[in-house]
Each structure stands twice: as C-alpha cells, then as structure tokens.
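So the structure is just underneath, and the comments pick up after that.
The values are calculated or read from the model by the stated rules, or taken from the named source; none is laboratory data. None of the values given here were measured: they were computed from a predicted structure. Cβ placement follows ideal geometry from the backbone for every residue including glycine, while neighbour counts extend to all protein chains displayed.
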Amino acid sequence: MTKSVYEGVSDPTNTLKKRIAKLAKELFDKNRISLQQKKDMTSTDDLPKLGGQPKLHKTNHSMRIVTYSRNTIISLVSKLAISYIQQLRETNENVVRNTKNVINDVSNIKTDNDERLASLDVVDLFNNIPVSHAVGIAINGKNFVNHR
C-alpha cells in the first residue's frame with residue numbers, strides 16, 4: 001500500500017467571500033467605507049499565492065513564506081487595514097515611522113562612558129497576537145488595554 005504525499009484541502013474562497021462581505025457591510029453601515037469600496041471589496045475571487053524566499057544569511061537556509069496578494073480577494077481589505085493603521089500611527093509619537101527616522105533618533109542618543117547602545121533582532125515577537133484582534137483594533141479605532 002502506497003502512502004499519498006498529498007492531502008486534499010477544501011477551497012476557502014466562498015468562506016473568505018462571506019467573511020469579507022460581512023466585514024464590508026459592517027464597515028459600510030458604520031460609514032467607514034463608501035458604497036464603491038464595499039462593491040470593490042466583494043467583487044474579486046482570486047486567492048493570494050504563496051511563495052518562499054530562502055534566508056541565505058541563516059545557516060540552514062530556511063524559507064521565509066511570502067504571500068502575493070495583489071489583485072486578490074484580500075487586497076482591498078489589506079489596503080483598508082493599512083490605511084487605518086497609518087492613521088493610528090499618526091496619533092502616537094512613539095512609533096517607528098521609517099528607517100531614516102530611526103537612524104536620526106539613534107544618532108542623537110548620548111551615552112555615558114559606562115553605557116552601551118545595543119541593537120536586538122527579535123524573532124517571533126508578535127506571533128501570539130491574534131491577527132483578527134489587531135485588525136479589529138485598527139478598524140474600530142479602539143485602544144488596546146493590556147490586563148496583566
């Protein structure tokens with residue numbers, strides 16, 4: 001008996017379309033998007049494509065998963081989420097806006113002789129934050145309160 005290498009999967013398109021249609025209706029009802037944006041969000045059927053990019057600087061050359069979502073079922077939702085996140089970033093002065101600003105900020109830090117400035121490469125810092133929660137915060141404009 002030969003074992004199959006491939007596993008059957010179901011097509012998620014209809015599920016995604018229903019979720020996006022529900023989201024678009026909610027946003028439209030709250031006057032957060034126009035009727036045209038609502039129509040645009042619900043008019044595409046193409047799914048994102050996945051690819052891999054080798055991490056050549058790592059010893060085992062593991063792959064970085066890359067999602068190609070231009071002109072797909074989620075591209076307009078993604079653009080909308082990004083616009084909300086950008087608006088939120090403008091309200092916070094403690095946000096990294098771009099590399100140039102970071103370099104300028106770091107260049108202006110004065111340290112004493114017994115102090116050192118360190119840079120850390122953090123791996124998987126936010127992998128336990130539910131994406132739907134983060135997007136909900138961005139879309140609804142609610143502040144996140146950390147209850148420890």
Test for Ser75: is it of a type in the set (Gly, Ala, Ser) and surrounded by fewer than 10 Cβ atoms within 10 Å (Cβ to Cβ): no
Pick from region 11-45, criterion part of a loop (DSSP other than H, G, I, E, B) and modelled with pLDDT of 85 or more, ranking: surrounded by the fewest Cβ atoms within 10 Å (Cβ to Cβ): Asn31
All positions within region 17-65 that are closer than 21 Å to Ser83 by Cα and of a type in the set (A, V, I, L, M): Ile20, Ala21, Leu23, Ala24, Leu27, Ile33, Leu35, Met41
Checklist (1) at pLDDT 90 or above; (2) within 23 Å of Ile137 (Cα to Cα) applied to Gln87, failing item: (1)
